[in-house]
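Here is the structure we will look at.
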Amino acid sequence: MPDTGGGRSYAWWHETVIAVLLVIVLQFAGWLVPGFLKLQSQLLLSRQLWEFAILALGMTLIIITGGIDLSVGSTMGLSAVVFGGVHSSSGSLMAASLACLATGLCCGAVNGALVSRLRLHPLIVTLATFAAYRGIAEGWSQGHSYSRFGDAFSDLARGSWLGVPLPGAIFVLMATGFAVFLSKTPYGRFLYAIGHNERAAKFSGISVNRIRFWLYTTSGLLAGLASLIYVARFDTAQADVGKGFELDVITAVVLGGTSIYGGRGTIPGTMLGLLLIHETRLLVSRYWGSDELRSIVIGCLLIVAVLACQLVSRKRRS
């Protein structure tokens, strides 16, 4: 098992840097947009966050092992179309929901099998399934969208529990479980070992292929869950659900301190990265109202955050 002391130190300094940037963004937003920081406003606007947040949990674990999953958005689209199709033919929300989750799980399992059994590179595999899953969804739906699933289903995304949006409560519970798994269990330590040195991890007896398979399967299942919440929020299931989500999710994970080379990363760091991107997006959208500027700002923010963390790390070493 590798010594992760340096990784913990790096992660601590990186969370710290991202937290400072988040405070700066929030202060600037509160100054520009009166009422932006009010609790009710934040809870209302947070409904745009939870699908990304759920996807980011699985993505964090995958990137820690040195992998990547570019197909999560396409998996959401295919899962949504399956949900709509099953509901249209059966009229059963339960059957449609189970079919949606099963589709996500199967898509993830295909990725996991190709990566772990056939030893194909995760970038190539998930780039291929990124196109394939979206193509299947578009071919299945033929441009048709499904809607009118009822208020009871919409409560999955629009309802609240103790004043907190229901998807937010679900995410907090899941994030807590993922954080405990990653930091307190042997299998969590195995993920860091795989990311540091896969060959050494294999020689030490870690079932690398089995772990990779289940990571991608879990990522697919989370995409199915995110698709359910998305469809409930908009009351629409169509092939373009989740389009572009993968880039934002990967950006949030990397921004939160997870190394794209593997071996480093934490769930709290990912949550900070998600919040920083979310608040920045909201600020740009509400004050300037420009999607193009929003993308530019997020890209610049990622570069600034990574450079700031590198500068802090170099100063500490010197």
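The values are calculated or read from the model by the stated rules, or taken from the named source; none is laboratory data. The model shown is predicted, which means the values in this text are computed figures rather than measured ones. Ideal geometry is used to build each Cβ from the backbone, glycine not excepted, and the neighbour counts take in all protein chains shown. Ligands, DNA and RNA are stripped out before the accessible areas are found, and what is left, the full protein with its side chains, is counted by its heavy atoms. Shrake-Rupley method; radii C 1.70, N 1.55, O 1.52, S 1.80 Å.
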Within segment 166-187, is even one residue without any contact (Cβ under 8 Å) to a residue 40 or more places away in the chain, open to solvent by less than 80 Å² (accessible area, probe 1.4 Å) and not in a helix (DSSP H, G or I)?
-> yes
Residue check for Val254: of a type outside the set (Asp, Glu), open to solvent by less than 10 Å² (accessible area, probe 1.4 Å) and in contact with a Leu (Cβ under 9 Å, 6 or more places away or on another chain) = no
Pair list, Cβ under 7 Å, 6 or more apart: segment 66-94 residue among the polar types (S, T, N, Q), other residue part of a helix (DSSP H, G or I) and open to solvent by 40 Å² or more (accessible area, probe 1.4 Å) | Ser71/Phe130; Ser74/Phe130
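Residue by residue, here is whether (1) under 19 Å from Met59 (Cβ atoms); (2) assigned to a helix (DSSP H, G or I); (3) open to solvent by 10 Å² or more (accessible area, probe 1.4 Å) holds:
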position	(1), (2), (3)
Arg189	no, yes, yes
Ala201	no, yes, no
Gly205	no, no, yes
Ser227	yes, yes, no
Tyr230	yes, yes, yes
Arg233	no, yes, yes
